[in-house]
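I have placed the structure first, in the form of structure tokens, so that the comments after it can refer back to it.
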Amino acid sequence: MNMPNDQSIQQPPSDSNLNLPTASPCASALGAIVQEFLPNLTTYSEFYRQVHRNPELSSLEAETAALVARHLLALDFKVHTQIGGHGVVGILKNGPGKTILTRAELDALPIREQTDLAYKSSKTMTDRYGNERPVMHACGHDMNMAALLAASALLHAARERWSGTLITLFQPDEEETGGARAMLNDGLYSKIPVPDVLLAQHVIPLAPPGKAAVQPGPVLVAADAINVRVTGGPCKGSLNPQICVDSIQLSTQILTHLPAYVRDTIASGEDATVACWGFHAGIPGIDYPAHADFLLDVKTRKEDVRQAALKLIEKKIRDECRAANAPKEPEFKYSVRAPLTSNDKDTTERVQAAFEAFFGAGAVPVPRNSACEDFPLLAGERDVPYTYWFFGGCQAAEGGEVPTNHSPFFAPEIETALKAGTEAMALAVLAFVGK
Ligand SMILES: *[C@@H]1O[C@H](CO)[C@@H](O)[C@H](O)[C@H]1NC(C)=O
Ligand SMILES: [Zn+2]
């Protein structure tokens, strides 16, 4: 999950008592399987500590992938490796029925860990661009992996109680949202069965500790990137290069006003945020910069708002360049960083019923956030329905602040989070393949 760094920090609800299952007998029967077959989680908390201590940056997840593959082989899964980079997929065929694909992420972030945990990372590595970087599992992908492996062990042990095919997919390069597409482009669905349902979960401090939060519809934002080039230089009709449009000044003026302009122009109550994520202009020795390049990040929560925001941004920049007499129209290159993550209604209601029966009041709505994901791309061209949810396991520090994902202080409580993530993932799978 890819987080903005301006995320506000809230304290999760403090009540973490598990309510007894009360909903439909079917949904609570699933809970009984989970309780009966929950594995000894020590193996998976050790896996967590080991991976936390030895994180790997996006697209460089070789050791993590090998460790995950070893765990899956020990559970009798058929294992594929090196799909779309270091992608690992395990398959457990267990009779006729639905095929359920579950997904976790392999990669960590270029962040220097500032916790004082015994298993903290003090590692650095050279990233794919050639820069030496600190590395930390600051998003909790180590926890997502540990929970998926533990749920796999649970479902393997409980295989007499369900029928179908379980696929566990460990995706590389999630933080830069390239891995899902890389796995597809590497022929993922020619190597493994096409699933009927996709499931993924993420540990997040905003979800109540020990519980899961899910809902139908949008749960994570869409993120678009726009590369803009604003051209300056000598004005039309002038032979004198000193009489020119300053592309740096023009661009900074645009950037100063654009975020508020978009926010205020898009209908109130809708989310459309614009941020500048990069700026480059000027060459040493040349006194007027021919052009300025900047990178915009645009986050939205609805397709029509997204279209409106992108149009508005382009029009505003064109208008500003014309008003400043720029000698050339600005240029725009669009790319989708992450699609909207919007949960399928029927699929998600089924997961929600299983969570409510098991976690009781813990099956809460998804906290509003501005993170994004490339998970929906795994549906490929096939429109496979999916559900993505959060699980909690982070207690507030003194003063009520919870270090959020991508914080150098990010530190889930291992036992609480691991148990919740294992239970939630196993429940969600059983909701589709349980007997
Ligand atoms: C789980 O496994 C660990 C390590 O093998 C062991 O020390 C512990 O007693 C086990 N816990 C339970 C509840 O069996
Ligand atoms: Zn993440």
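Cross-link reach is defined here as a Cα-Cα straight distance under 27 Å, omitting same-chain residues fewer than 8 places apart; for K211 the lysines meeting it are K98, K120, K345, K419, K435. Per-residue 3J(HN,Hα) values for segment 105-119, derived from phi via the Karplus relation 6.51 cos²θ - 1.76 cosθ + 1.60 with θ = phi - 60°, read 10, 9, 8, 10, 10, x, 10, 8, 5, 10, 7, 10, 5, 4, 9 Hz in sequence order (x marks Gly and Pro). Give me the percent relative contact order of segment 222-338, please, defined on Cα pairs under 8 angstrom at least 6 residues apart. Rounded, it is 43 percent for segment 222-338.
Measuring with a 1.4 Å probe in the full set of protein chains, what accessible area per residue, in whole Å², belongs to the chain?
Each residue of the chain exposes 42 Å² on average to a 1.4 Å probe.
Overall size of segment 376-435 from C-alpha positions, given as principal axis extents largest first: 46, 30, 14 Å.
At the residue level, H280 shows approximately 120 square angstrom of accessible surface with a 1.4 angstrom probe and all protein chains present.
Rounded to the nearest 20 debye, the dipole magnitude of segment 301-435 is 560 debye, with +1 charges on Lys and Arg beta carbons, -1 on Asp and Glu beta carbons, and the Cα centre as origin.
Under a model in which nothing but the beta-carbon of Lys, Arg (+1) and Asp, Glu (-1) is charged, the chain shows a dipole of about 680 debye around its Cα centre. Computed about the Cα centre, the dipole magnitude for segment 222-338 is approximately 180 debye when only Lys and Arg (+1) and Asp and Glu (-1) carry charge, each at its Cβ. Only one residue of N240, L67, A157 has its Cα farthest out toward the positive end of the dipole of the chain, where Lys and Arg carry +1 and Asp and Glu -1 on Cβ, and that residue is A157.
For the chain, place one equal point scatterer on every Cα, skip the solvent, and apply the Debye formula. What is log10 of I(q)/I(0) at q = 0.08, 0.09, 0.13 Å⁻¹? Taken in order of the listed q values, log10 I(q)/I(0) reads -0.48, -0.60, -1.11.
How many Å³ per residue does the convex hull of the Cα positions in segment 134-261 occupy?
On the way: hull volume 32.5 nm³, N = 128.
Residue-normalised Cα hull volume stands at 254 Å³.
For N343, the residues whose modelled amide H falls within less than 5 Å of its own, excluding neighbours fewer than 5 places apart on the same chain, are G217, V219.
Extents of segment 32-186, largest first, come to 49, 38, 20 Å (Cα atoms, principal axes, whole angstrom). The shape of segment 317-420 comes out oblate: with a ≥ b ≥ c from the C-alpha gyration tensor, a/c is at least 1.5 while a/b does not beat b/c.
Taking only C-alpha pairs under 8 Å that are 6+ residues apart, what is the relative contact order of the chain in percent?
Reported as a whole number, the value is 27 percent.
Is the shape of segment 222-338 best called rounded, prolate or oblate, per the rule: a/c under 1.5 gives rounded, else a/b larger than b/c gives prolate, else oblate, with a ≥ b ≥ c the square roots of the Cα gyration tensor eigenvalues? The shape class here is prolate.
The loop-placed trypsin sites (Lys or Arg not before Pro) in segment 57-109, going by DSSP, include none that has at most 11 neighbouring Cβ atoms within 10 Å of its Cβ. Taking the helices alone, the chain has a mean residue ellipticity at 222 nm of -10500 deg cm²/dmol, built from -39,500 (n - 2.57) per DSSP H run of at least 4 residues and averaged over all its residues. For the chain, with all protein chains in place and a probe radius of 1.4 Å, 51% of the accessible heavy-atom surface sits on carbon or sulfur. For K93, the aspartates and glutamates whose Cα comes closer than 13 Å to its Cα, not counting residues fewer than 8 places off in the same chain, are D76, E160.
For segment 308-373, the equivalent ellipsoid built from the Cα gyration tensor has semi-axes of 46, 11, 9 Å, listed from largest to smallest. Here's the list of aspartates and glutamates a cross-link from K299 could span, going by alpha-carbon distance under 18 Å and ignoring same-chain residues fewer than 8 apart: D6, E174, E175, E176, D224, D264, E270, D271, E314, E373, D374.
The values are calculated or read from the model by the stated rules, or taken from the named source; none is laboratory data. A quick note: this is a predicted structure, and the numbers were derived from the prediction, not measured. In this analysis, Cβ positions are derived from the backbone assuming ideal geometry, glycine residues included, and neighbour counts consider all displayed protein chains. The protein model used for the area step is the full one, side chains on, heavy atoms only, and it has no ligands, DNA or RNA in it. Shrake-Rupley method; radii C 1.70, N 1.55, O 1.52, S 1.80 Å.
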